[in-house]
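One structure is given below, encoded as structure tokens.
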Amino acid sequence: MVKVIASSVRKGNVLDVDGKLYVVLTAANFHPGKGTPVTQVDMRRIVDGVKVSERWRTTEQVERAFVEDVNFQYLYEDGEGFHFMNPATYDQVVVDVETMGDQKAYLQEGMTCILSIHEGIPLALELPRHVTLEITETEPVVKGQTASSSYKPAMLSNGVRTMVPPHINAGTRVVIATEDNSYVERAKD
């Protein structure tokens, strides 16, 4: 086990809390004007899937479990779950729907992801930071709405809603951040 400060905990990390393993679903640092900064962490217990919220001071030590992070290539989805292959050894592993969570919308065939594996069991999945998708529908641009801070709602080809700048139209390929579904830039391809 490795001790790390709470503020360095990120989504997908595996923590050992009171002898039980938890996968971090969300982690956010809060710095109030007065008082001690805290890290709010939502986790899922690996054994039974129970979701738990914890709050630590940002300087507190928490234990990260020894987990091997390995690059895997996404193959396909079936009734069993999501199938991944290690491109170095050709070993295949199945990730269940619960472990995958809402990240499944961004999976694309052949995509390389990082799987966190503990004793041969996939615990968490880390997608690439950015993916390129096509806008399937968006509202038409409103005349005079040229301020750079104004955004309009749009639907991506994977069914996720996001906000895009007014100059983006349906059919445009855009780069999206997988962490928060936010628009990054127009695709360069």
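So residue 95 ticks every box in (1) touching a Gly at 6+ places or on another chain (Cβ under 6 Å); (2) aliphatic (A, V, I, L, M); (3) in contact (Cβ under 8 Å) with a residue 60 or more places away in the chain but one. Which box is left unticked?
Among (1) touching a Gly at 6+ places or on another chain (Cβ under 6 Å); (2) aliphatic (A, V, I, L, M); (3) in contact (Cβ under 8 Å) with a residue 60 or more places away in the chain, the lone unmet condition for residue 95 is (3).
Restricting attention to the range 147-165, does a residue exist that is among the aliphatic types (A, V, I, L, M) and under 22 Å from residue 12 (Cα atoms)?
yes
Only one of these conditions is not met by residue 74: (1) hydroxyl-bearing (Ser, Thr, Tyr); (2) within 18 Å of the chain's Cα centre (by Cα); (3) loosely packed, with under 12 Cβ neighbours inside 10 Å. Which number is it?
Here residue 74 meets the rest and fails (3).
Which of the residues belonging to the range 1-13 are at pLDDT below 85 and farther than 18 Å from residue 180 by Cα?
Matches in the range 1-13: 1, 2.
Evaluate the following for residue 11: is it surrounded by fewer than 15 Cβ atoms within 10 Å (Cβ to Cβ) and not in a strand (DSSP E or B)?
Taking the combined requirement at face value, the residue does not satisfy it.
Among what's in the range 14-60 and is of a type in the set (Ser, Thr, Tyr) and surrounded by fewer than 16 Cβ atoms within 10 Å (Cβ to Cβ), pick the residue that is modelled with the highest pLDDT. It would help to see each step written out before you state the result.
Pass one, the range 14-60, residues of a type in the set (Ser, Thr, Tyr): 22, 26, 36, 39, 53, 58-59.
Filter once more, keeping what is surrounded by fewer than 16 Cβ atoms within 10 Å (Cβ to Cβ): 26, 36, 53, 59.
Numbers: 26: 87, 36: 88, 53: 92, 59: 88.
Residue satisfying both the conditions and the ranking: 53.
Of the conditions (1) exposed (fewer than 14 other Cβ atoms within 10 Å of the Cβ); (2) more than 29 Å from residue 88 (Cα to Cα), residue 68 clears all except one; give me its number.
Among (1) exposed (fewer than 14 other Cβ atoms within 10 Å of the Cβ); (2) more than 29 Å from residue 88 (Cα to Cα), the lone unmet condition for residue 68 is (2).
The values are calculated or read from the model by the stated rules, or taken from the named source; none is laboratory data. Small disclaimer: the values here were computed from a predicted structure and weren't measured. When we count neighbours, we look across all protein chains shown, and the Cβ atoms used for this are built from the backbone with ideal geometry, even at glycine.
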